[in-house]
Amino acid sequence: MDRRQFLKTTGFTLASAGIGVGPWNQALAQEGPIKVGLLAPLTGVVASGGREMVEGTQFFFDSIGNQVAGRKIELIVEDDASNPDTALQKARRLVEQNNVHWLIGNLLANTGLAVANYVKGTGTPYFIPIIAADDLTQRQRIKNVIRVAGYSASQFTHPLGDWALKQGYKKIATVSQDYTFGHEQCGGLCQVFSEGGGEIVQQFWHPLNTADFSPYLGQLANMKVDAIFAMETGADATRLIQQYASFGLKGRIPLLGAMNATDQSVIRTLGDECEGIVSPAHFAEGSDNPVTKKFVEDYTAKYSKIPSLYGFSMYSGAMWVTEAMKKMGGKIDNREAFIDTVLKTDLTGSPLGKTIKLDEYGNPIYDVYIRKTMKRPDGKYWNVPIETYNNVSQFWKYDPATYLKQPPYSRNFQGIKKS
């Protein structure tokens, strides 16, 4: 990968040089580079997604000559190592030593929550195109934490629950990584599915980086369910899909996946064991939308691979923030004005081919695709839309005030309606 894509901190900043932050230096900052701190898991269980986060961000900045309104954009990348403590340490370094104007990134919910709690105290603008913890734009909203080009975890599994009911599924079991993102994606599916008359037969939770899924698959095989929902990311997704097929469940029990389970960062390494998995997302790389097709072609030409959800989201997030910076003529040193401008900015040039708006809580409203993993003529697999739910909010069809009175989804609360 290009060296600048993994640009490391130099250690030389205004603070380390002993220069103060008086009016003269603030004026100087307005003319200097805009420093962007990118946090991504370049090591750990989701490192493949982390690398594509960096690619997507750099891909967009390269497309605008790495500058906006006459100011150079300096991208500083740090590895959060898929660890909340490391993410916090690296965020502090970017803000307090490198004096970045804004932060973007993180992949796992626990790393994003650690950074969000930190910037709550500093006021640093923090943009989260991937971190999906529901409450960051719901019950525990932080104004300077904005989900540009992102999504809440349960936002897409609400419609998946509805779609499953329409397929005639009566009984579903779930298997998921045991952390916030998993709890919330499962909760979105379970609430809608059970409220519509479906039954959640059983739920299995496993730690990140599980090597052997046979204890779960063995039980699932004998449950007489109509479908199984798997919430997996990274290497766990790869292993579960492979073992699901080798266990003889593929073709016998339909497999529904979270969007990350069939992401390109996972399925590009798989064969026909991933074919036919259904998942929900706002981005479908197999879409025939002309704007989406061009983005996929351009990204593939540059990186020799079909873009993942991670690359797409970071590209779009960088685009969204850049639109706001253009509105301000690059003068973003007033954080409050910058944050307010971002919140009022619509993303018009999105690779989705449709203008995207933020709701009043700072979360985007999307058309959500129900996608199926299919083989292309060249033998590669991608996600193709088979049904669309228009203008899906993070609150689905619920009244926001009523929805926010229920507890957030967790292991202990899955929104399951008891029959």
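The values are calculated or read from the model by the stated rules, or taken from the named source; none is laboratory data. In this text, all values refer to a predicted model and were calculated from it rather than measured experimentally. A quick note on method: Cβ atoms are made from the backbone with ideal geometry, for glycine too, and the neighbour counts reach across all protein chains shown. What goes into the accessible areas is simple: the full protein's heavy atoms, side chains included, and nothing from ligands, DNA or RNA. Shrake-Rupley method; radii C 1.70, N 1.55, O 1.52, S 1.80 Å.
Within region 300-346, work out how many residues are without any contact (Cβ under 8 Å) to a residue 40 or more places away in the chain and within 16 Å of Asp263 (Cβ to Cβ).
Number of matching residues: 1.
I'm trying to understand the selection: among the residues of region 93-127, which are of a type in the set (S, T, N, Q), touching a helix residue (DSSP H, G or I) at 6+ places or on another chain (Cβ under 7 Å) and open to solvent by 10 Å² or more (accessible area, probe 1.4 Å)?
Asn110, Thr122
Touching a helix residue (DSSP H, G or I) at 6+ places or on another chain (Cβ under 6 Å), farther than 26 Å from Phe413 by Cα and open to solvent by 20 Å² or more (accessible area, probe 1.4 Å): is that true of Ala211 in this structure?
Criteria not met by Ala211.
Consider Gly353 carefully, then state whether it is on the phi > 0 side of the Ramachandran plot and under 20 Å from the mean Cα position of the chain (by Cα).
The answer is yes for Gly353.
Could you tell me whether region 120-141 includes any residue that is within 28 Å of Ile253 (Cβ to Cβ) and either without any contact (Cβ under 8 Å) to a residue 60 or more places away in the chain or touching a strand residue (DSSP E or B) at 6+ places or on another chain (Cβ under 6 Å) (or both)?
There is at least one residue in region 120-141 that is within 28 Å of Ile253 (Cβ to Cβ) and either without any contact (Cβ under 8 Å) to a residue 60 or more places away in the chain or touching a strand residue (DSSP E or B) at 6+ places or on another chain (Cβ under 6 Å) (or both).
Can you spot a residue in region 48-59 that is surrounded by fewer than 19 Cβ atoms within 10 Å (Cβ to Cβ), β-branched (Val, Ile, Thr) and in contact with a strand residue (DSSP E or B) (Cβ under 8 Å, 6 or more places away or on another chain)?
No, region 48-59 contains no residue that is surrounded by fewer than 19 Cβ atoms within 10 Å (Cβ to Cβ), β-branched (Val, Ile, Thr) and in contact with a strand residue (DSSP E or B) (Cβ under 8 Å, 6 or more places away or on another chain).
With the requirement that a residue be in a strand (DSSP E or B), closer than 30 Å to Glu273 by Cβ and charged (D, E, K, R), what does region 343-393 give you?
Scanning region 343-393 gives Asp367, Arg371, Lys372, Lys375, Glu387.
Hey, Leu256 hits all of (1) free of Cβ contacts under 8 Å to residues at least 60 places away in the same chain; (2) touching a Phe, Trp or Tyr at 6+ places or on another chain (Cβ under 7 Å); (3) closer than 19 Å to Leu309 by Cα but one; which does it fall short on?
Of the numbered conditions (1) free of Cβ contacts under 8 Å to residues at least 60 places away in the same chain; (2) touching a Phe, Trp or Tyr at 6+ places or on another chain (Cβ under 7 Å); (3) closer than 19 Å to Leu309 by Cα, the odd one out for Leu256 is (1).
For residues that are open to solvent by 10 Å² or more (accessible area, probe 1.4 Å) and closer than 24 Å to Gln264 by Cβ, tally how many sit in region 76-91.
Looking only at that region, the number is 3.
Listed residues Asn383, Asn391; which is under 19 Å from the mean Cα position of the chain (by Cα) and either open to solvent by 30 Å² or more (accessible area, probe 1.4 Å) or modelled with pLDDT under 95 (or both)?
Answer to the check: Asn391.
Could you grab me the full set of residues in region 364-379 that are exposed (fewer than 14 other Cβ atoms within 10 Å of the Cβ) and in contact (Cβ under 8 Å) with a residue 40 or more places away in the chain?
Arg376
For Lys417, only one of the following conditions fails: (1) more than 30 Å from Gln203 (Cβ to Cβ); (2) in contact with an Asp or Glu (Cβ under 7 Å, 6 or more places away or on another chain); (3) modelled with pLDDT under 95. What is its number?
Failed condition: (1).
Does Gly188 satisfy the condition of being under 23 Å from Leu107 (Cβ atoms) and assigned to a helix (DSSP H, G or I)?
yes
Restricted to region 335-353, and to residues that are open to solvent by 70 Å² or more (accessible area, probe 1.4 Å) and modelled with pLDDT of 95 or more, which residue is farthest from Tyr403 (Cα to Cα)?
Taking the candidates together, the pick is Arg335.
Of all helices (runs of 4 or more DSSP H) completely enclosed by region 228-331, which ones contain at least 2 residues that are out of contact with any Leu (no Cβ under 8 Å at 6 or more places or on another chain), over 18 Å from Gly50 (Cα atoms) and open to solvent by 10 Å² or more (accessible area, probe 1.4 Å)?
234-246, 290-303, 309-327
Have a look at Gly150, Gly121, Gly168 and point out the one that is small (Gly, Ala, Ser) and assigned to a helix (DSSP H, G or I).
None of the others qualify; the one that does is Gly121.
Looking at Tyr398, Tyr361, can you tell me which residue is surrounded by 15 or more Cβ atoms within 10 Å (Cβ to Cβ), more than 25 Å from Val266 (Cα to Cα) and touching a Lys or Arg at 6+ places or on another chain (Cβ under 7 Å)?
Exactly one residue qualifies, and that residue is Tyr361.
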